[in-house]
Structures are given as C-alpha cells and as structure tokens.
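This report concerns only the one structure given below.
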C-alpha cells in the first residue's frame with residue numbers, strides 16, 4: 001500500500017448530550033456522508049477507545065473524524081463543499097465543542 005495523502009484534517013467533537021447513544025450515532029452517520037466529497041481521499045470516523053488511562057491521553061471527546069487530502073486545494077474545496085455545509089447545518093445542534101487539527105506532512 002503506497003498511498004501518500006500529505007494533508008490531514010482531524011476533528012474532535014464533544015456532544016451536548018454525551019450519554020445519548022442516539023445523538024452519537026446521528027453524528028457518526030452525518031460525518032460519514034462527508035466521504036462523498038470528491039477531494040476526501042480517505043476518512044476514518046471513530047469513538048473513544050477504551051485504552052489504558054494515562055495522563056497524556058485525552059479521552060474527553062465523543063466522536064472523531066480523520067480525513068486525508070492530496071493537497072491543500074482539496075482541503076479548501078472540502079471546507080466550502082455543499083455536502084460539508086449541509087452536514088454542519090443538520091448536525092451542529094448535536095455538539096457543544098469542536099477542535100480541529102490540520103496537519104501537513106513534514
């Protein structure tokens with residue numbers, strides 16, 4: 001496997017109702033629609049893993065979206081794509097906090 005997608009977009013969501021499996025599942029379903037955006041090369045949607053508790057591990061979030069792009073233009077296209085804007089419109093009521101980490105290969 002020799003894929004190289006140098007631009008990474010990692011988003012963490014904190015739900016308004018973290019004990020609601022229904023809200024979590026609704027957000028996961030919404031995030032998965034973003035893979036239809038042509039410039040998204042790969043997507044990984046996840047929830048907190050039950051790994052060993054350590055001071056360096058932040059497990060306070062509820063849903064994660066990890067995306068890979070071929071270039072910065074692809075990431076910019078994603079930001080204004082109608083599917084992304086529709087996702088925000090239809091799902092932003094579910095979260096109370098979002099943190100984004102955008103990374104380019106060193």
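Among 83, 28, the order by Cβ neighbours within 10 angstrom, fewest to most, reads 83, 28. Exposure proxy ranking for 78, 5, 101, based on other Cβ atoms within 10 angstrom of each Cβ and starting from the fewest, stands as 101, 5, 78. In plain terms, the residue of 62, 102 with the fewest other Cβ atoms within 10 Å comes first and the most crowded comes last, giving 102, 62. Mean separation of Cα pairs under 8 Å and 6 or more residues apart, divided by the residue count, gives segment 14-88 a relative contact order of 37 percent. Calculated mean residue ellipticity at 222 nm for the chain: -8500 deg cm²/dmol, from DSSP H runs with n ≥ 4 weighted as -39500 (n - 2.57), summed, divided by the residue count and rounded to 500. Put simply, the Cα atoms of the chain extend 36, 33, 22 Å along their principal axes, the longest span coming first.
By definition, a body whose alpha carbon gyration tensor gives a ≥ b ≥ c is oblate when a/c is 1.5 or more and a/b is not larger than b/c, and segment 1-62 fits this oblate description.
Values in this text are rule-based calculations from the coordinates and carry no lab data. Just so we're clear, the structure is a prediction, and the values are computed from it rather than from any experiment. In this analysis, Cβ positions are derived from the backbone assuming ideal geometry, glycine residues included, and neighbour counts consider all displayed protein chains.
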